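Chemist: Submitted below is the structure of interest, expressed as structure tokens.
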Amino acid sequence: MKQVLLILLTALGIFNLKAQNHWQAPDEAKQLQNPFSETVEAINKGQKVYKSLCASCHGDKGAGNPVMLKTLNPPPADLTSLAVQQQTDGEIFWKITEGRGVMASYKNMLSEEDRWAVVKYIRQLGKTQTASDKKNKAATNSNKVESFAFSQLINAKTTFIRQAKGFGFGIQHRFGATKFDENMIKNFLGLDLASNIRFSFEIPVSKRLMFEIGRTRYGKFYDIGGKYLIIKQTKDEKYPVSVAFYENIAVTTENAPQYSDQATFDDGRPFEYKFYHRLYYDTQLIISRKFSDKLSAQITAELVWRNLTPYVMKPKEEAYVIAVPVSLRYKTGFTSAIDLEIMPNTHHRTMPISLAYEIASSGNHVFQITITNSDRILAQNLFFNPTLRYPKDGFMLGFNLARYF
Ligand code: HEC
């Protein structure tokens with residue numbers, strides 16, 4: 001007896017569930033033929049009916065009026081869904097004719113012709129929806145992963161290459177050194193002091209290649225750079241990292257250094273300033289990885305070369321610096337992030353450590369407030385100049401601004 005009751009209750013439960021979730025048209029409805037073919041007239045006629053009688057619940061585009069979706073139980077069916085679109089015209093016609101629950105029967109309200117026409121219009125809604133679905137899917141389901149949002153973090157280049165047409169414009173600005181003492185207010189956090197600035201233009205050529213040109217105040221450097229994306233990180237982890245190659249050549253247009261008349265090169269030849277002495281090179285292999293929606297990291301193998309080493313430096317300096325910069329970006333919100341760069345290298349008095357707070361970064365622009373221990377920006381300049389030692393020597397405030405057009 002108890003068992004029978006149990007079976008009965010279960011059967012009732014299943015029946016109830018079925019009645020709630022699945023609305024099945026009878027087999028004979030499936031065979032009903034729509035007298036309309038897919039003509040503009042039929043679709044227009046159906047659209048008129050739909051707009052006046054159905055859109056209030058099923059929404060303008062068929063996916064459901066948001067208010068009704070929340071208030072009605074069961075909610076109005078998504079007419080663009082596969083579940084509806086896979087039914088025959090006859091089944092849909094039958095449901096409109098018969099109705100169920102809040103969804104009224106339209107047997108008496110609409111002529112048979114009107115009901116068939118609205119079925120044609122529901123087909124149309126299904127098509128447009130699928131088309132836009134596909135587009136969205138292509139955009140969001142891309143297997144590619146972007147570790148960084150811009151081609152530059154604070155001073156470091158990233159693996160990012162702008163995918164759209166157009167160009168980018170950037171300003172990197174560093175104010176003078178300041179520290180926590182009585183002068184800090186006097187020099188307005190260093191903003192009154194001499195400052196360095198680099199303007200740059202960025203030209204994306206393809207999804208993998210970009211060029212940039214820049215002009216930096218200190219050293220009066222003009223630089224031209226190119227970046228090629230060799231590997232792009234993918235969601236399926238086939239490629240766990242992005243890898244890019246970057247090369248930049250900078251020419252200083254400052255006056256020739258003034259050494260004594262007796263100055264010689266190492267091999268004894270008398271010193272003479274030639275054009276190639278003005279050239280500085282920066283070569284990078286950048287490896288980045290996005291670890292999560294919030295955290296991205298990057299490590300670079302970098303060689304910076306100059307054709308002329310200062311004559312007067314003691315101890316004598318090398319013509320090159322090898323660096324292994326590490327960069328981190330941690331998103332603190334939808335449009336904000338904290339960036340950190342540490343750049344260990346072979347120069348004996350240089351250790352760039354920079355911090356930035358990104359405000360209002362979007363797909364098109366970024367604004368960062370930076371704290372650095374060097375006012376040099378271009379790698380060719382940054383790695384050959386001693387950095388401040390935190391916190392003893394103080395720090396430099398600055399900002400980076402980038403905008404894509
Ligand atoms: C008052 C709100 C409301 C209006 C107006 C309305 N519907 Fe519905 N419709 C519903 C709800 C709710 C359901 C789900 C019924 C269920 O599953 O019990 C539904 C279900 C349907 C289904 C069945 C989908 C399926 O699951 O197979 C079709 C087809 C449909 N509506 C078409 C129309 C058409 C065409 C009109 C206008 C002539 C219309 N509806 C007007 C609320 C509405």
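Chemist: Determine, yes or no, whether Val251 is within 30 Å of Phe160 (Cβ to Cβ) and buried (at least 16 other Cβ atoms within 10 Å of the Cβ).
Modeler: Spelling it out, Val251 is indeed within 30 Å of Phe160 (Cβ to Cβ) and buried (at least 16 other Cβ atoms within 10 Å of the Cβ).
Chemist: Given the conditions (1) basic (Lys, Arg); (2) under 28 Å from Gly225 (Cα atoms); (3) not in a strand (DSSP E or B), and given that Arg329 satisfies all but one, which numbered condition is not satisfied?
Modeler: Tallying (1) basic (Lys, Arg); (2) under 28 Å from Gly225 (Cα atoms); (3) not in a strand (DSSP E or B), Arg329 fails exactly one: (3).
Chemist: Starting from the stretch 65-79, keep only residues that are more than 9 Å from the ligand (Cβ to nearest atom), then list their pairs with residues that are outside any helix (DSSP H, G or I) whose Cβ atoms are within a distance under 7 Å, requiring at least 6 positions of separation or different chains.
Modeler: Here the result reads Leu69/Pro75; Leu69/Pro76, each pair linking the stretch 65-79 to a residue that is outside any helix (DSSP H, G or I).
One line per residue, one yes/no per condition, for (1) touching a residue at least 24 places away in the same chain (Cβ under 8 Å); (2) in contact with a His (Cβ under 6 Å, 6 or more places away or on another chain); (3) small (Gly, Ala, Ser); (4) part of a loop (DSSP other than H, G, I, E, B):
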residue	(1), (2), (3), (4)
Glu237	no, no, no, yes
Tyr246	yes, no, no, no
Glu254	yes, no, no, yes
Ser260	no, no, yes, yes
His277	yes, no, no, no
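Chemist: Within the stretch 12-23, identify whether any single residue is loosely packed, with under 10 Cβ neighbours inside 10 Å, away from the ligand (no atom under 15 Å from the Cβ) and either modelled with pLDDT of 90 or more or assigned to a loop (DSSP other than H, G, I, E, B) (or both), and answer yes or no.
Modeler: No: zero hits.
Chemist: Restricting to the stretch 40-71, name every residue that is in a loop (DSSP other than H, G, I, E, B) and out of contact with any Ser or Thr (no Cβ under 6 Å at 6 or more places or on another chain).
Modeler: Hits for the stretch 40-71 are Gly59, Asp60, Lys61, Gly64, Asn65.
Chemist: Moving on to the next point. Just give me the residues in the stretch 331-343 being surrounded by fewer than 16 Cβ atoms within 10 Å (Cβ to Cβ) and either outside the structural domain of Phe399 (by TED's automatic domain parsing) or not β-branched (Val, Ile, Thr) (or both), in sequence order.
Modeler: Gly333, Phe334, Ser336
Chemist: Look through the stretch 86-98, keep the residues that are farther than 17 Å from Phe36 by Cβ and more than 8 Å from the ligand (Cβ to nearest atom), and return whichever of them is surrounded by the most Cβ atoms within 10 Å (Cβ to Cβ).
Modeler: Filtering first and then ranking leaves Glu98.
Chemist: Another one. Could you count how many residues in the stretch 209-233 are surrounded by 19 or more Cβ atoms within 10 Å (Cβ to Cβ) and under 19 Å from Arg278 (Cα atoms)?
Modeler: The number of residues fulfilling the criteria is 7.
Chemist: Pro310 is checked against (1) under 25 Å from Tyr404 (Cα atoms); (2) part of a loop (DSSP other than H, G, I, E, B) and fails just one. What number does that condition carry?
Modeler: (1)
Chemist: Name every residue in the stretch 99-113 that is surrounded by fewer than 17 Cβ atoms within 10 Å (Cβ to Cβ), at negative phi and within 48 Å of the chain's Cα centre (by Cα), in order of residue number.
Modeler: Arg100, Val102, Ala104
Chemist: Find the residue count for the stretch 104-121, including only residues that are closer than 19 Å to Ala77 by Cα and assigned to a helix (DSSP H, G or I).
Modeler: Residues meeting the conditions: 7.
Chemist: I've got another one for you. With the structure loaded, tell me whether Leu328 is at pLDDT 95 or above, surrounded by 14 or more Cβ atoms within 10 Å (Cβ to Cβ) and among the aliphatic types (A, V, I, L, M) or whether it fails that test.
Modeler: yes
Chemist: Here's something else I'd like to know. Tell me, please, whether a residue that is surrounded by fewer than 14 Cβ atoms within 10 Å (Cβ to Cβ), in a loop (DSSP other than H, G, I, E, B) and among the hydroxyl-bearing types (Ser, Thr, Tyr) can be found in the stretch 288-307.
Modeler: Scanning the stretch 288-307 turns up at least one residue that is surrounded by fewer than 14 Cβ atoms within 10 Å (Cβ to Cβ), in a loop (DSSP other than H, G, I, E, B) and among the hydroxyl-bearing types (Ser, Thr, Tyr).
Chemist: Only one of Val67, Val84, Val49 is β-branched (Val, Ile, Thr), modelled with pLDDT under 90 and assigned by TED's automatic domain parsing to the domain that holds Gly126. Can you tell me which?
Modeler: Only one candidate passes the filter, namely Val67.
Chemist: Within the bounds of the stretch 105-113, is there any residue that is at pLDDT below 90 and farther than 20 Å from Lys127 by Cβ?
Modeler: Among the residues of the stretch 105-113, not one is at pLDDT below 90 and farther than 20 Å from Lys127 by Cβ, which makes the answer no.
Chemist: Of the residues that sit in the stretch 344-369 and are among the polar types (S, T, N, Q), more than 21 Å from Glu202 (Cα to Cα) and surrounded by fewer than 24 Cβ atoms within 10 Å (Cβ to Cβ), which one is modelled with the lowest pLDDT?
Modeler: Thr350
Chemist: Those residues that are aliphatic (A, V, I, L, M) and within 15 Å of the ligand (Cβ to nearest atom), I need them from the stretch 35-57; list them, please.
Modeler: Scanning the stretch 35-57 gives Ala42, Ile43, Val49, Leu53, Ala55.
The values are calculated or read from the model by the stated rules, or taken from the named source; none is laboratory data. All values derive from a computational prediction rather than experimental measurement. Cβ: placed from backbone, ideal geometry, glycine included. Neighbour counts: every protein chain shown.
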